[in-house]
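Worksheet: one structure, shown below.
The values are calculated or read from the model by the stated rules, or taken from the named source; none is laboratory data. Keep in mind that this is a model prediction, so the values were computed, not measured. So basically every Cβ, Gly included, is an ideal-geometry build from the backbone, and we count neighbours across all protein chains shown. Protein only, heavy atoms only, side chains kept; ligands, DNA and RNA dropped before computing areas. Shrake-Rupley method; radii C 1.70, N 1.55, O 1.52, S 1.80 Å.
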Amino acid sequence: MSTSPVMKLADDIAVQFRHYPPRAAAASIANHIRQFWDPRMCSQLKTQVEEDGADCDPNVIAAVQLLNAPER
């Protein structure tokens, strides 16, 4: 199975925050996605994580959970 472009991009972003504690890394990844990604890319990432989550960085999974959470 090949990695989708959005999953690869999310994993690449996660590498930049690997030195952060896990919760801070996930929040930073989610913030980056909110600021810079097209909504279609975000939707594709959410779908990919739901379908193939075991194949991606755990901080990306946590970031997607934050993206799916209702905003306060």
request  = Could you pull out the residue among H19, H32 that is open to solvent by 60 Å² or more (accessible area, probe 1.4 Å) and modelled with pLDDT of 95 or more?
outcome  = H19
task = Report, by residue number, each residue of the stretch 32-60 that is among the aliphatic types (A, V, I, L, M) and more than 13 Å from V6 (Cα to Cα).
result = A54
query = When you go through (1) among the β-branched types (V, I, T); (2) assigned to a helix (DSSP H, G or I); (3) touching a residue at least 12 places away in the same chain (Cβ under 8 Å) one by one for T47, which number turns out not to apply?
reply = (3)
query = Condition test on D55, is it acidic (D, E) and open to solvent by 70 Å² or more (accessible area, probe 1.4 Å)?
reply = yes
note = Checked against (1) at pLDDT below 95; (2) not in a loop (DSSP other than H, G, I, E, B), A14 satisfies every condition except (1)
message = Against the condition open to solvent by less than 70 Å² (accessible area, probe 1.4 Å) and under 9 Å from the mean Cα position of the chain (by Cα), how does D38 come out, does it pass?
response = no
query = What do you reckon, is A24 open to solvent by less than 50 Å² (accessible area, probe 1.4 Å), out of contact with any Pro (no Cβ under 9 Å at 6 or more places or on another chain) and without any contact (Cβ under 8 Å) to a residue 12 or more places away in the chain?
reply = yes
